[in-house]
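K.L.:
Below you'll find the structure I mean.
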Amino acid sequence: MKRTRAFILLFGLLSGLGLTALARAQSAPAAKAENVILITTDGLRWNEVFQGVDEPMISKVYGNISDTNAVRKKLWRDTPEERRALLMPFFWGTVAKRGQVWGNRDKGSLVRVSNGHNFSYPGYNEFLTGIPDPAINSNDKNLNVNTNVFEWLNTLPAYRGKVAAAVNWDVLPWILNGPRSGIPIWSGFDVPPGTRRMEVPSALTEMVEHGRTVWSGVLLDTFVHYAARHALKELKPRALYVSFGETDDWAHEGAYERYLRATQEFDRFLAGLWELCQSMPQYRDKTTFIITVDHGRGPAPIAWKNHGREIADSAYMWLAMMGPGITPLGERTDSPMILQAQVAATVAAALGEDFRAFSPRSAAPINSSPRPDR
């Protein structure tokens, strides 16, 4: 009897200690990153991200594809999982396995724009500042009155002088408000007076000068990739914003095969930036990647080329994260809806900082806790 009572007491004591330890583990804050990189590509549809090549678009009529058999052989497979892995092997082979991905509408995961306009300046403003501003209703080069999260990080002692941006669209230095933010920005175009330009090798500058042959206000993504790599190697920022954009422009032109190639290149650039980070002690296993878009697009086979208020589907987008503190849950299903405005506070939260303490009107950070999906 005494032994039984002693066993019960001992079991109770050990159980209590175990529960206490479990409670502490559950309440302990998640690991934070020492660095964060926000990477966006303009207007890449959730459909291709989650389903791969869209079969109706393998067409001369709808996709402007001359050799449909070659595209089908290269990118078409029977299941969405096979197709998307072919299109974006790094995204699905590394990002999804090491982090989390949201936005597959077919599986109850919604990520959407909340500014109501569904085009670029309102979208960039929303995810950079956390505020869907109704006053921003054009892509005109007006200096943004809203403070973005990178500008704010640059005011904090731990990050001052350790924030940078490499951008592909000529309007982005205005959206980032270069003169006020003070962060070094790389752009292949003119910037607002007073903007601090990021220094890059002269060879890159010369290539850009002679490489603006496709669009008047958008650079080829390969230039942005090299500028971002240079920033990581030489400036070693703790917070970096990188914007790519060929996906949007090829889509507007109705060139589906080139849109797919731009998507593949974007995936390759993601891999290159991640591999570079993993090769550098400052960044290796200490860096969170947040990857998303500024807006969605319309459905295939007709409306996919465009986006805007009148195209409801273009409000739907996607988002992915991997790095310290991000539980590797992969593709999320039946999860709470995420708004584009949550990205800004999430960038700060990755570093353990509270952007909303500075900007109460900005949206809350994304909850990436390991709560199981329904």
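Each value in this text was obtained by applying a stated rule to the coordinates, not by laboratory testing. In this text the structure is predicted, and so the values were computed from the model without any measurement. Positions of Cβ are generated from backbone atoms using ideal geometry, with glycine treated the same way; all protein chains shown enter the neighbour counts.
K.L.:
What residue among F119, P132, T213 has its Cα farthest toward the positive end of the dipole of the chain, where the charges are +1 on Lys, Arg and -1 on Asp, Glu, each on the Cβ?
P.N.:
P132
K.L.:
Could you work out the relative contact order of the chain? I mean the mean sequence separation of Cα pairs under 8 Å and 6+ apart, divided by the number of residues, in percent.
P.N.:
Relative contact order, the chain: 30 percent.
K.L.:
How much length, in nm to one decimal, is gained on full extension between K32 and F358, taken as 0.36 nm per residue of separation minus their Cα-Cα distance?
P.N.:
Working: separation 326, 0.36 × 326 = 117.36 nm, distance 1.96 nm.
Separation in residues times 0.36 nm, less the Cα-Cα distance, equals 115.4 nm.
K.L.:
Using a 7 Å offset from Cα along Cα-Cβ at S114, what residues in region 349-371 end up with backbone N under 17 Å from the label point?
P.N.:
349, 355-368
K.L.:
Take Q282 and R261, extend 7 Å from each Cα along the Cα→Cβ direction, and tell me the distance between the two endpoints in nm.
P.N.:
So the label points at Q282 and R261 sit 3.5 nm apart.
K.L.:
About the Cα centre, and with charges only on the beta carbon of Lys, Arg (+1) and Asp, Glu (-1), how big is the dipole of the chain? Nearest 20 debye, please. Could the numbers behind the result be given before it?
P.N.:
Values: 42 positive and 38 negative charges, 366 e Å.
Computed about the Cα centre, the dipole is about 1760 debye.
K.L.:
Please find the FRET efficiency linking L86 to T222, where r is the Cβ-Cβ separation and R0 is fixed at 25 Å, and quote it to the nearest 0.05. It would help to have the intermediate numbers written out before the result.
P.N.:
On the way: r = 21 Å, r/R0 = 0.85.
Computed FRET efficiency for L86 and T222 comes out at 0.75.
K.L.:
Working out 0.36 nm times the residue gap between R197 and A135, then minus their Cα-Cα distance, what length gain in nm do you get to one decimal? Each step should come with its number before you reach the end.
P.N.:
On the way: separation 62, 0.36 × 62 = 22.32 nm, distance 2.78 nm.
That works out to 19.5 nm of additional length.
K.L.:
Can you list which of the GluC sites (Glu not before Pro) found in region 262-324 are DSSP loop residues with at most 11 other C-beta atoms within 10 Å? If you can, show how the numbers build up before the last one.
P.N.:
Details: sites: E265, E275, E310; in loops: E310.
Taking region 262-324 and a limit of 11 other Cβ atoms within 10 Å, the loop GluC sites (Glu not before Pro) found are E310.
K.L.:
Determine the calculated [θ] at 222 nm for the chain from helices alone, applying -39500 (n - 2.57) to every DSSP H run no shorter than 4 residues and normalising by the residue count; nearest 500 deg cm²/dmol.
P.N.:
Numbers: 14 runs with 132 residues, N = 374.
Calculated at 222 nm, the ellipticity per residue is -10000 deg cm²/dmol.
K.L.:
Continuing with this model, one more query. So if we plug the beta-carbon distance of T79 and V214 into 1/(1 + (r/R0)^6) with R0 = 30 Å, what FRET efficiency do we get, rounded to 0.05?
P.N.:
It comes out at approximately 0.30.
K.L.:
Given that just one value was derived from the coordinates, which of (i) 136; (ii) 147; (iii) 167 is volume of the Cα convex hull per residue in Å³?
P.N.:
Here the calculated entry is (iii).
K.L.:
What are the membrane-span-like helices in the chain by this rule: whole DSSP H runs, Cα extent along the axis at least 18 Å, mean Kyte-Doolittle hydropathy at least 0.0? Could the numbers behind the result be given before it?
P.N.:
Working: long enough: 2-27 (37 Å, 0.72); 256-278 (33 Å, -0.53).
Within the chain the helices that satisfy the rule are 2-27.
K.L.:
For region 175-310, what does the alpha-carbon gyration tensor say about shape, rounded, prolate or oblate, given a ≥ b ≥ c as the root eigenvalues, a/c under 1.5 as rounded, and a/b over b/c as prolate? All intermediate terms of the calculation are to be shown ahead of the outcome.
P.N.:
Values: a/c = 1.73, a/b = 1.39, b/c = 1.24.
Because a/c hits 1.5 or more and a/b exceeds b/c, region 175-310 counts as prolate.
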